Amino acid sequence: MELNDLTRNPGQWLLGSGPESDIVISSRIRLARNLADFPFVGQASAADREHIEETLKNGVAGIEDASRLLYIEVENLAGVDRQFLVERHLISREHAESEGARAVAIDGGERFSIMINEEDHLRIQVMRSGLSLEETWDEISRIDDHIESKVTFAFHERLGYLTACPTNVGTGLRVSVMLHLPALVLTRQIEKVFRSLQKISLAVRGLYGEGSQAMGDFYQISNQITLGRTEQDLIKQVRDIVPVIIDYERQARQFLIKESHENLHDRVSRAYGILRNAQTISSEETMHLLSSVRMGVNLGLIRDLEIPVLNELFLQTQPAHLQKLTGVELDSSDRNIERARYLRRHLHGEPQGDAPEKN
């Protein structure tokens, strides 16, 4: 498998086939680990980072059949390829923008990715479509056990796994669920929900995690504290609260249908019309309009689209994805034109035509 193969195959977490997938896009669990014999990445020398990368490359080997595991040295990637992996949620922005020896291992279905030399020596993440936290935990536990059988992690009998950031000490576990909450945004209830989550130590982040904006009404709900809590406690905390948020979102959607049906239908139809006919469109506007259309499909207001297609469009219209799909580096203006062309082609059956020429 090669990096370019990812552009042609959406990851399994985008299939829209998991439990509660009308609202829950994906479940993700991440583990942070460090090797016992090396300083944390922030204090490591260039030689240390190289040794860490080589040690963990060997530790990752054998998790999957070699033909299905893509191992990438991130420092050797072009900028657009690093951004492509960020957009695909396979590496973090910090990992893309860092310096020195670092890598990522990705399985063929994008069910998991393993970042080496991010904030910690090792960041394992597993993703599943819909609300599938138990299945996600079983998979990441298997991967963690495999790697720990080959290397020695930094572990303290009282504190647990040692990590670069104190908030991750203990289990090193981050449980995260990505939700699509357009009705709570439209009914202006979203801030009230967020305040309630903060009171029980759950964090709310945007589409690309910490410090990112909530584009397209997508929000990630995750635990904030790991120290003094077991893995099952943390998973249960998120698993118990997410159905409550799902119920709030569904109630808000039914309120909009009942009390403002014409306005809602008009909003959805206008969004669909713009996406089908625009000649130039930004990434931000596309996300906003696709959000309305996705809600419209789930409410039966649009009947000729399927959720997996929309989930893929959210991803494929991102800047780096467009450039990978066309094979051409594009400035912002050309991306907006190509994005509109791509949307017309997939929503309106327009012939593909030629890719934009290089300047």
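Summary table
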quantity: Those residues of region 31-58 which are in contact with a strand residue (DSSP E or B) (Cβ under 8 Å, 6 or more places away or on another chain) and within 27 Å of Leu159 (Cβ to Cβ), in sequence order; calculated: Leu31, Ala32, Arg33, Asn34, Leu35, Ala36, Ile52, Glu53, Thr55, Leu56
quantity: Scope region 1-56; condition part of a helix (DSSP H, G or I), out of contact with any Gly (no Cβ under 9 Å at 6 or more places or on another chain) and of a type in the set (Val, Ile, Thr); matching residues; calculated: Thr7, Ile52, Thr55
quantity: Every residue from region 319-337 that is modelled with pLDDT of 95 or more and of a type in the set (Val, Ile, Thr); calculated: Ile337
quantity: Counted residues, region 114-134 - those being more than 21 Å from Asn311 (Cα to Cα) and in contact with a strand residue (DSSP E or B) (Cβ under 8 Å, 6 or more places away or on another chain); calculated: 10
quantity: Region 212-251 - residue that is on the phi > 0 side of the Ramachandran plot and small (Gly, Ala, Ser) and, of those, surrounded by the fewest Cβ atoms within 10 Å (Cβ to Cβ); calculated: Gly228
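The values are calculated or read from the model by the stated rules, or taken from the named source; none is laboratory data. Values in this document were obtained by computation on a predicted structure and should not be read as measured data. FYI the Cβ positions are ideal-geometry reconstructions off the backbone, even for glycines, and counts take in every protein chain you see.
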